[in-house]
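The values are calculated or read from the model by the stated rules, or taken from the named source; none is laboratory data. Computed from a predicted structure; not experimentally measured. Ideal geometry is used to build each Cβ from the backbone, glycine not excepted, and the neighbour counts take in all protein chains shown. Ligands, DNA and RNA are excluded from the accessible area calculation, which covers all protein heavy atoms including side chains. Shrake-Rupley method; radii C 1.70, N 1.55, O 1.52, S 1.80 Å.
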Amino acid sequence: MEVPVLKASALIDPQVQSNFHIEYSIRHTTPLHRHDYYEIFIITEGRCMHHINGDAQRLEKDTMVFIRPEDTHWYDFYDESDCQFINVNFYKEVVEGAFDYFESPVFAQKLKSMEMPPCITLPLSDMETLARKSKLIRHYTTMDKLKAKMLARSFLTDALTYFFFNDQDENKKMMPQWLDALLLELQKKENFTGGLQRLNAISNHSVGHINRVFKQYLHTTPTAYINHLRLGYARNLLLTTHLSILEIAYEAGFDNLSHFYHLFKKHYGASPGKIRGR
């Protein structure tokens, strides 16, 4: 069965780059679907069964979920209980740009690659704060789009911060110290631009072991992790220098311009030239 795709172009105001709405009942929600944008929703009342990527999770009040492009999901009643939730949607490139704020490619890659979408329970006061801010997005969308845009960015940063803190707490309990040290070293330009060869040289572990550990703790591959660092560096050069796109690609460690374009557009949802032109 082909899964319907909800489009950002039809839903999201380009001046606000976000959209807010409230689902007052599961009866009003969309059947099985996916998006070409990111979505954050918070259960504000009741509970439900969330069917996601062929699996299911029970969601209680105050639960916040981070839905990625390509996730397929729908909502159902749990023990005949209904629920209400707020829903805030964002252009793909807006969320990708917000990840840069945290300076943690591990965090970004993990949120994007987990089989099940990230899901956390918020303290009541934090849930109410996010709910109030999200409703202001809708309020100002018809009055002051710039203010609505700023509120949407603020909501996104706050929500990602909760996921970030939760992820950091989990990592401290799990990640081996040598991997933490390796990831710190990889933040240096001379290391991430050196690619896999440089990673293997500074790790003091076998290639097979590194691959297994990256998959276990970071939910990604060494290659994907390095490319994330390179792309973030390239995006910064696009926005802060007058270097040509070819020069930026080489400066970030890519020796194939076509491959750089492909990865950049897939990662940020827009070409290097479009990002620079904004």
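Each 5 Å bin from 0 upward holds the following percent of the Cα-Cα pairs of the range 1-153: 2, 9, 17, 22, 23, 18, 7, 2, 0.
How many Å³ per residue does the convex hull of the Cα positions in the range 213-253 occupy?
Hull volume normalised by residue count: 56 Å³.
Candidate cross-link partners of K92 among the aspartates and glutamates, defined by an alpha-carbon separation under 15 Å and a same-chain spacing of 8 or more, comprise D13, D36, E39, E70, D71, D100. Given R0 = 35 Å, the distance between the Cβ atoms of N211 and K265 translates into a calculated FRET efficiency of 0.85.
Amide H to amide H, with H built 1.01 Å from N, D36 comes under 5 Å of L6, A8, counting only residues 5 or more places away or on other chains. Compared with the alpha-carbon gap, the fully stretched path from E80 to K145 is longer by 19.5 nm at 0.36 nm per residue. Taking a straight line from the alpha carbon of K61, these lysines sit under 23 Å away, with near neighbours fewer than eight places off in the same chain left out: K133, K135.
Length available on full extension from E2 to T221: 0.36 nm per residue minus the Cα-Cα distance, which gives 75.9 nm.
In the context of the full set of protein chains, residues of the chain present 50 Å² of accessible surface per residue (probe radius 1.4 Å, heavy atoms only). Our summary gives the chain a relative contact order of 16 percent, counting only alpha carbon pairs under 8 angstrom and 6 or more residues apart. Applying the Karplus relation 6.51 cos²θ - 1.76 cosθ + 1.60 with θ = phi - 60° to the range 240-251 yields 3J(HN,Hα) values of 10, 10, 10, 4, 5, 5, 4, 4, 5, 4, 5, 5 Hz, where x marks Gly and Pro. Quick check for you: which residues of the range 53-87 have the amide N under 18 Å from the point 7 Å beyond the Cα of D13 toward its beta carbon? Under 18 Å, as judged by backbone N against the label point of D13, lie 87 of the range 53-87.
Modelled this way, with points 7 Å down the Cα-to-C-beta line, the labels at T240 and F165 are 2.8 nm from one another.
Taking P176, P69, P118 in turn, the Gaussian network model of the chain (Cα-Cα springs below 10 Å) assigns the largest fluctuation to P176. Note on the chain: with neighbouring protein chains present and a 1.4 Å probe, carbon and sulfur make up 51 percent of its accessible heavy-atom surface. What number of lysine-lysine pairs in the range 141-278 show an alpha-carbon separation below 26 angstrom, given a sequence spacing of 8 or more or placement on distinct chains? Eligible lysine pairs with Cα atoms under 26 Å apart amount to 21.
Working from the alpha-carbon coordinates of the range 157-278, get Rg over Rh, Rh being the Kirkwood radius.
That ratio equals 1.00.
Residue by residue, the range 206-216 carries 3J(HN,Hα) couplings of 5, 4, x, 5, 4, 4, 5, 5, 4, 5, 5 Hz when phi is fed to the Karplus relation 6.51 cos²θ - 1.76 cosθ + 1.60 (θ = phi - 60°); x denotes Gly or Pro.
Here the simple spin-label model places points 7 Å from the Cα toward Cβ, and for D36 and S154 these points are separated by 3.1 nm.
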